[in-house]
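**Q** Here it is: the structure, laid out below.
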């Protein structure tokens, strides 16, 4: 159990276009999902915390108008990179907490990541 | 968020035990110690977590010092598939829920 999927796994786009990345919890409900970004040979950096039915909370320095997050259901959160530029090329990873186990553990289950390349 | 200190890298031989240390001298009483690992080109994977007592699961063991200022993740028999970056993270249970990833320890397992 506790599987998180991401789609697409890889995407290449032209500069100036927008890209949407989906994060789904397949076998559990997730009230809270997190979005991370990871540059080559670097650690994960939290971008935002997404709560179902409410606005996302962005970390300092992350542009909320550029990285649009929608958490419309307990199993789906989306990250849209708007007007992507080469410097947005990175590995984007989502994670989710298991709603039913909240209070027993803060374990996060991570997706496999999405490799974004902006030409 | 409380900080942790880990060695940048460690090496092990296959089928030998591996002890991955983590220092967290500023840990508070409500901080849980979590370990995650990240295999190349994949998302992180939960390994184990604990508060005060040593913990065991099918993946690893977590040994926590009596003063809680350090802990050690133990892989009892390393395999090539255990080669990954291991992250030691402090998390306040029921708090902000945010995992703050440091640089972690890159574990190399030699055949």
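**Q** Classify the protein assembly as shown from the C-alpha gyration tensor, please: rounded if a/c falls under 1.5, else prolate or oblate depending on whether a/b exceeds b/c.
**A** Prolate shape, in that a/c is at least 1.5 and a/b is the bigger ratio.
**Q** Among DSSP bridges having both ends in chain B, what percentage is antiparallel? Round to the nearest 5.
**A** Within chain B, antiparallel bridges account for around 85 percent of the total.
**Q** With a 10 Å cut-off between alpha carbons and a GNM built on chain B, which of B:52, B:30, B:72 moves the most?
**A** B:30
**Q** For A:22-31, what's the mean count of beta carbons from other chains sitting within 10 Å of each residue's beta carbon?
**A** Averaged over the peptide's residues, the number is 0.
**Q** Please work out whether the range A:27-66 counts as rounded, prolate or oblate from its C-alpha gyration tensor, where a ≥ b ≥ c are the square roots of the eigenvalues and a/c under 1.5 means rounded, while otherwise a/b larger than b/c means prolate and anything else oblate?
**A** In terms of gyration-tensor shape, oblate.
**Q** What ranking of B:70, A:77 emerges when the number of other C-beta atoms within 10 Å of each C-beta is taken as an exposure proxy, fewest first?
**A** Ascending Cβ contact count within 10 Å gives the list B:70, A:77.
**Q** Still on this structure, please answer the following. Specify whether the C-alpha gyration tensor of the range B:6-111 places it in the rounded, prolate or oblate class, a ≥ b ≥ c being the square roots of the eigenvalues: rounded for a/c under 1.5, otherwise prolate if a/b is larger than b/c and oblate if not.
**A** Since a/c reaches 1.5 and a/b is larger than b/c, the shape of the range B:6-111 is classed as prolate.
Every read-out reported here was derived from the displayed coordinates using simple, explicitly stated rules and does not represent laboratory data. Note that the structure is a prediction, hence the values are computed from the model and not measured. Using ideal geometry, Cβ is built from the backbone for each residue, glycine included, and neighbour counts are taken over all protein chains shown.
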